[in-house]
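Inspection log for the structure reproduced underneath, given as structure tokens.
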Amino acid sequence: MVVKLQRPILVGGLGLTFTLWMLQSLHHSMVQLGEFSVMSLLLVGGGLWLLKQNRPKNDSQMLEMPVDRATVENAIAKAEVVVSQLASEADNHQALVTLRERIPQLYLELDREDILVAVTGGKSVGKTTLIQVLESNWHPQIRQTVSLQETPPLFAQAEENSDATALAPAKTADFVLFLTNGDLTDTEFQTIQQLRAEYQQLMLVFNKQDQYLPDERANVLLSLKQRMLGNVVATAVSPLPVKVRKHGEDGSVQEWMEQPTPDIQQLTQQLGEILAQQAQQLVWATVMRKTLSLKAEAKNYLNGIRRDRANPVIEQYQWIAAAAAFANPVPALDILATAAINAQMVMDLGNIYQQKFSIEQAKTVAGEMGGLMLKLGLVELSSKAIGTVLKSHAITFVAGGAVQGVSAAYLTRLAGLSLVEYFQQQEVTVNSTTGFNVEKLGQTLQKVFQQNQQISFLQGFVKQGVKRLLPEVAEGEMIGAEKAVG
């Protein structure tokens, strides 16, 4: 196989014997840990990382979002940068017209005076009745500035996207009233946490409290307040009729059913105070959520375009690394002697994502990634997994350098995909020269490794590697298979 090396880093870096010696020494240290120890360290490290990522934010963290006008305007400007960058890299993108139209709308909405309150919850919790009662009892001034919008019932259908569709109006409202008829179910609590995670201000309304005995009512209310850390009110918007009995002086008894008035005093008082004192902040917070949503949407489009450009680059360098390791199979850890190749890949991928690197910076990043792979045990595990797959092909397994070549390609691919994932998480800028966050890069590397270690993927990848490194063997196996079928 002949591979052309036209990049300066590739030509100058592949012969660094000192790097090989250093990596070889590190490899011996890792081998001494033993297979079980290395795998255990990786699994424990990966588990701790996943636990950290999945750990829910506490309520104070979820509710902390700056809502002053200057901060929101700054966020809109950043969203506009992403849209502009999308236009510069794909001026005919189908979503551009809509994205551009939404930017000036966000600026106009900053001065909006009307408040939208969404009323949501499960089926038959009293949403419609609550709206009717509130609209009938609110102060005229509040009635003119506040609109109540009922969402479709949550948890009513089994379809996967039904709740997301029903909850959508609540995510664009300024304030949410979430109704429940008792203690929260896990599904209700998770939905509330989802709204809070998106910085949506809400109040939990314990409706139909009159249907509980006094002790039961107090227990349910206490439980709700503990789970919600306050911000809970109890109501009875449509109380059950009460039997009234009147005894006459002549001994006669009269009985009739009397309809109590709705019990919403606590709700109207607290809600009225919130809307009177925080109206402007609620509007700004809504604009902020819409801005972040717009920015994320535009960034997803941009990342998709860049990812399509990055994938061929990664594939090119993974097979260059495979050829280099296969042609010069220094024992075991020569698969990381491709640091020079990875450095050039860092520069090329950085150009795609507007992250500019000098040659020295690219070498440093590539070295950091190699060190992380060793530290996390990915080199050891990858080599053994690929060796196991190759053992099923006796001819390819005994071919010198096959394991090293395919492993080098695999690790180079992991490095490239990790860089793409890392770049996608960064702010969209033009020709950024910001430094690398090694901790975040390590987390990203673990995540990408976990996504690309399935046996089916490895089998397909090894097959591609054999076809490139040993085309005559791959062709012979294909002919043999055809004869067997015949």
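Identify the GluC sites (Glu not before Pro) of region 144-225 meeting these criteria: DSSP loop state and at most 11 other C-beta atoms within 10 Å of the C-beta.
Passing both the DSSP loop test and the Cβ count: E159, E160.
R0 = 51 Å: FRET efficiency of K440 with D215, Cβ-based, nearest 0.05? Let's see the in-between values first.
Working: r = 51 Å, r/R0 = 1.01.
The computed FRET efficiency comes out at 0.50.
Hey, which lysines would be in cross-link range of K171, C-alpha to C-alpha under 28 Å, not counting anything within fewer than 8 residues on its own chain?
The reachable lysines, counting only those whose Cα sits under 28 Å from K171, are K52, K57, K78, K123, K127, K208, K225, K290, K295, K299.
How much net charge surrounds D114 when only other residues with a Cβ under 12 Å from its Cβ are counted (Lys, Arg +1; Asp, Glu -1)? Let's see the in-between values first.
Details: positive: R112, R143; negative: E109, D111, E113, D174.
Combined, the nearby Lys, Arg, Asp and Glu give -2.
Place the peptides 224-233, 311-320, 127-136 in order of packing, highest mean first, counting for every residue the other Cβ atoms within 10 Å and averaging per peptide. Intermediate values should be presented prior to the final figure.
Working: 224-233: 15.9, 311-320: 18.9, 127-136: 17.4.
Answer by packing, highest mean first, reads 311-320, 127-136, 224-233.
Within 10 Å, count the other beta carbons around each residue, average over each peptide in 243-250, 459-466, and list them highest first. Show your work: numbers first, answer last.
Details: 243-250: 7.8, 459-466: 18.6.
So the peptides 243-250, 459-466, ranked by packing, come out 459-466, 243-250.
Report the calculated FRET efficiency for A87 and N231 (r = Cβ-Cβ distance, R0 = 45 Å), to the nearest 0.05. Before the final figure, lay out the partial values.
Numbers: r = 42 Å, r/R0 = 0.94.
Calculated value: 0.60.
Straight-line reach from K391: which lysines have Cα under 17 Å away, leaving out those fewer than 8 places along the same chain?
Within reach: K463, K467.
Using a 1.4 Å probe and ignoring any ligands, DNA or RNA, find the accessible area of K467 and quote it in Å² to the nearest 10.
140 Å²
How much length, in nm to one decimal, is gained on full extension between Q193 and N311, taken as 0.36 nm per residue of separation minus their Cα-Cα distance? Could you put the intermediate results ahead of the total?
Numbers: separation 118, 0.36 × 118 = 42.48 nm, distance 3.62 nm.
That pair, Q193 and N311, stretches by 38.9 nm at full extension.
Indicate, rounded to the nearest 5 percent, the antiparallel portion of the DSSP beta bridges found entirely in region 162-262.
Details: 6 of 14 bridges.
Expressed as a percentage, antiparallel bridges in region 162-262 total about 45.
Normalized C-alpha radius of gyration of region 207-262, against 2.2 N^0.38 Å? Write out the running numbers ahead of the final one.
Details: Rg = 16.7 Å, N = 56, 2.2 N^0.38 = 10.2 Å.
Here the answer is 1.64, to two decimals.
Take D183 and Q144, extend 7 Å from each Cα along the Cα→Cβ direction, and tell me the distance between the two endpoints in nm.
For D183 paired with Q144, the spin-label model returns 4.6 nm.
Within 12 Å, Cβ to Cβ, of Q464, how many net charges do the neighbouring residues add up to if Lys/Arg are +1 and Asp/Glu are -1?
On the way: positive: R413, K463, K467, R468; negative: E315.
Within the 12 Å Cβ shell, the charges total +3.
Per residue Cα convex hull volume for region 113-261, in cubic angstrom? Could the numbers behind the result be given before it?
On the way: hull volume 21.3 nm³, N = 149.
It is 143 Å³ per residue.
Take the Cβ-Cβ distance between F155 and N300 as r, set R0 to 30 Å, and report the resulting FRET efficiency rounded to the nearest 0.05. Present the calculation step by step, with values, prior to reporting the outcome.
On the way: r = 28 Å, r/R0 = 0.94.
That gives a FRET efficiency of 0.60.
I need to check one value: relative contact order of region 141-227, counting alpha carbon pairs closer than 8 Å and at least 6 residues apart, in percent. All intermediate terms of the calculation are to be shown ahead of the outcome.
Values: 62 pairs, mean separation 22.1, N = 87.
Dividing the mean separation by the residue count of region 141-227 yields 25 percent.
Taking all pairs of different Cα atoms in region 97-136, averaging 1/r and flipping that mean, what Kirkwood radius in angstroms comes out?
13.2 Å
Apply the a/c threshold of 1.5 to the C-alpha gyration tensor of region 72-153 and tell me whether it is rounded, prolate or oblate.
On the way: a/c = 4.28, a/b = 2.19, b/c = 1.96.
Judged from the Cα gyration tensor, region 72-153 comes out prolate (a/c at least 1.5, a/b above b/c).
Contour minus end-to-end for D114 and L240, with contour as 0.36 nm per residue of separation and end-to-end as the Cα-Cα distance?
On the way: separation 126, 0.36 × 126 = 45.36 nm, distance 3.43 nm.
Net length gain for the segment: 41.9 nm.
The values are calculated or read from the model by the stated rules, or taken from the named source; none is laboratory data. If you're wondering where the values come from, they're calculated on a predicted model, not measured in any experiment. All Cβ positions, even for glycine, are placed from backbone atoms using ideal geometry, and neighbour counts span all protein chains on display. What goes into the accessible areas is simple: the full protein's heavy atoms, side chains included, and nothing from ligands, DNA or RNA. Shrake-Rupley method; radii C 1.70, N 1.55, O 1.52, S 1.80 Å.
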